[in-house]
Amino acid sequence: MTTAFITHADCMKHDMGGFHPERPERLSAIEDQLIASGIGQYLQRYDAPLATDAQLERVHPAAYIDAVRERAPQTGLVYLDPDTAMNPHTLQACLRAAGAAVLATDLVMQGVVRNAFASVRPPGHHATRDRSMGFCIFNNVAVAARHAIAEYGLTRVAIIDFDVHHGNGTEDIFSDDPTVLMCSTFQHPFYPYSGTEHPANNMVNIPLNAGSGGRQFREAVTQAWMPALENFSPELVLISAGFDAHLEDDMASLSFRDEDYAWVSAQLTAFANTHCAGRVVSVLEGGYDLSALARSVVQHLRVLAELH
């Protein structure tokens, strides 16, 4: 079986201004690197559908979804919070991003593909149940998790988040939810200044000091994540795939390298192959240095597609 690559042109039209780090060029850099690396031809491409309100409402209250829709501007920018703005195309992009996560889950759960990567924006893991923040409006991975539980009767879904920022929105949504295990690494202290104060038992949060690199990351994965995953025995692995902990990404101060993303991808796919029929759904989160982002995504995809 192949690896699905899901994206949509609408995700390129969401634009928060020329100086905003979460910019359309992130996706075009990934596309360029897929061509340059030669791996694009081995991926099964799909256009992301629009998420439905019913799918979003498994995570977000209807009042919040309506409020986002009502704020969508006809022209210019409207700020939902200091970091997160909507232009006239943002709502469609948000619906495509969440819809990509749903389609990825369907393709994997139905056995059409072994695993899937959603190359989408805006990202999602800072979006709480009823609040946008940190460039995120709807929580794409959370929508995927709840979709898998509702539509396929899963009782154990793992969410892995290696973005440099703590996925506070995902934690807000799933804290104390016995159907979800969340494992994360993140720089601390750092935005959004969460994840360390009495996390719930289903949260395996490993804060990393500024300057931490591959050694500290690999220790966190092998010593904390993998034992928790073995104990939980998930039926599906979801990944909030943020690549902004990279040494070349000046958004933060961790020092991961391309090979660290390949390594963690190999750990997670090997686990999934053993425990849940290889079912992995990965959704793009952060990553703001265009070259580092594109190279790291290709490393991630090489492993998912068994091209390494």
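Within region 78-91, can one find any residue that is in contact (Cβ under 8 Å) with a residue 24 or more places away in the chain, of a type in the set (Ser, Thr, Tyr) and outside any helix (DSSP H, G or I)?
yes
Taking interchain pairs and intrachain pairs at least six residues apart, which have beta carbon atoms under 7 angstrom, with the first residue in region 249-262 and under 15 Å from Val221 (Cα atoms) and among the acidic types (Asp, Glu) and the second at pLDDT 95 or above and buried (at least 20 other Cβ atoms within 10 Å of the Cβ)?
Partner pairs satisfying both residue conditions: Asp260/Phe217.
Can you tell me how many residues within region 9-52 are modelled with pLDDT under 95 and of a type in the set (Ser, Thr, Tyr)?
Residues in region 9-52 being modelled with pLDDT under 95 and of a type in the set (Ser, Thr, Tyr): 0 in total.
Considering only region 95-133, state which residues are in contact with an Asp or Glu (Cβ under 7 Å, 6 or more places away or on another chain), of a type outside the set (Val, Ile, Thr) and over 19 Å from Asp10 (Cβ atoms).
Once the filter is applied, which keeps residues that are in contact with an Asp or Glu (Cβ under 7 Å, 6 or more places away or on another chain), of a type outside the set (Val, Ile, Thr) and over 19 Å from Asp10 (Cβ atoms), region 95-133 yields His125, Arg129, Met133.
Can you confirm whether His300 is at pLDDT 95 or above and touching a Leu at 6+ places or on another chain (Cβ under 8 Å)? First the steps, then the outcome.
Numbers: at pLDDT 95 or above: yes; touching a Leu at 6+ places or on another chain (Cβ under 8 Å): no.
No, not satisfied.
Look at Tyr46 and say whether it is among the aromatic types (Phe, Trp, Tyr) and over 22 Å from Ala9 (Cβ atoms).
no
Take Phe138 and tell me if it is buried (at least 24 other Cβ atoms within 10 Å of the Cβ), in contact with a helix residue (DSSP H, G or I) (Cβ under 8 Å, 6 or more places away or on another chain), over 23 Å from Asn202 (Cβ atoms) and touching a residue at least 12 places away in the same chain (Cβ under 8 Å). If you could, list the steps in order and put the result at the bottom.
Working: buried (at least 24 other Cβ atoms within 10 Å of the Cβ): yes; in contact with a helix residue (DSSP H, G or I) (Cβ under 8 Å, 6 or more places away or on another chain): yes; over 23 Å from Asn202 (Cβ atoms): no; touching a residue at least 12 places away in the same chain (Cβ under 8 Å): yes.
No.
Criterion first (under 15 Å from the mean Cα position of the chain (by Cα) and buried (at least 20 other Cβ atoms within 10 Å of the Cβ)) does Phe190 satisfy it?
No, not satisfied.
Condition (residue is buried (at least 19 other Cβ atoms within 10 Å of the Cβ) and in contact with a Lys or Arg (Cβ under 6 Å, 6 or more places away or on another chain)) applied to region 277-291: is it met by at least one residue?
yes
Given the structure, is Ser282 small (Gly, Ala, Ser), in a strand (DSSP E or B), more than 23 Å from His20 (Cβ to Cβ) and under 19 Å from the mean Cα position of the chain (by Cα)?
Answer is yes for this residue.
From the list Ala144, Ala150, pick out the single residue that is over 26 Å from Val264 (Cβ atoms), in a helix (DSSP H, G or I) and touching a residue at least 40 places away in the same chain (Cβ under 8 Å).
Being over 26 Å from Val264 (Cβ atoms), in a helix (DSSP H, G or I) and touching a residue at least 40 places away in the same chain (Cβ under 8 Å) holds for just one of Ala144, Ala150, which is Ala150.
Right, Ala266: assigned to a helix (DSSP H, G or I), among the small types (Gly, Ala, Ser) and free of Cβ contacts under 8 Å to residues at least 40 places away in the same chain or not?
On the way: assigned to a helix (DSSP H, G or I): yes; among the small types (Gly, Ala, Ser): yes; free of Cβ contacts under 8 Å to residues at least 40 places away in the same chain: no.
Considered against the rule, which asks whether it is assigned to a helix (DSSP H, G or I), among the small types (Gly, Ala, Ser) and free of Cβ contacts under 8 Å to residues at least 40 places away in the same chain, Ala266 comes out as no.
Just a yes or no: is a residue in region 160-180 buried (at least 23 other Cβ atoms within 10 Å of the Cβ) and in contact with a Leu (Cβ under 7 Å, 6 or more places away or on another chain)?
Looking for residues that are buried (at least 23 other Cβ atoms within 10 Å of the Cβ) and in contact with a Leu (Cβ under 7 Å, 6 or more places away or on another chain), one finds at least one in region 160-180, hence yes.
Under 19 Å from Gly286 (Cα atoms), part of a strand (DSSP E or B) and either without any contact (Cβ under 8 Å) to a residue 12 or more places away in the chain or of a type in the set (Phe, Trp, Tyr) (or both): does that describe Phe186?
Working: under 19 Å from Gly286 (Cα atoms): yes; part of a strand (DSSP E or B): yes; either without any contact (Cβ under 8 Å) to a residue 12 or more places away in the chain or of a type in the set (Phe, Trp, Tyr) (or both): yes.
Yes, satisfied.
So in region 193-206, with the set limited to residues that are in contact with a helix residue (DSSP H, G or I) (Cβ under 9 Å, 6 or more places away or on another chain) and not hydrophobic (A, V, I, L, M, F, W, C), which one is surrounded by the fewest Cβ atoms within 10 Å (Cβ to Cβ)?
Step one: filter region 193-206 for residues in contact with a helix residue (DSSP H, G or I) (Cβ under 9 Å, 6 or more places away or on another chain), giving 193-195, 199-200, 202-206.
Next cut, not hydrophobic (A, V, I, L, M, F, W, C) only: 193-195, 199, 202, 205.
Details: Tyr193: 12, Ser194: 19, Gly195: 22, Pro199: 17, Asn202: 20, Asn205: 22.
So the residue we want is Tyr193.
The values are calculated or read from the model by the stated rules, or taken from the named source; none is laboratory data. Since the structure is predicted, the reported quantities are computational estimates derived from the model, not experimental observations. All Cβ positions, even for glycine, are placed from backbone atoms using ideal geometry, and neighbour counts span all protein chains on display.
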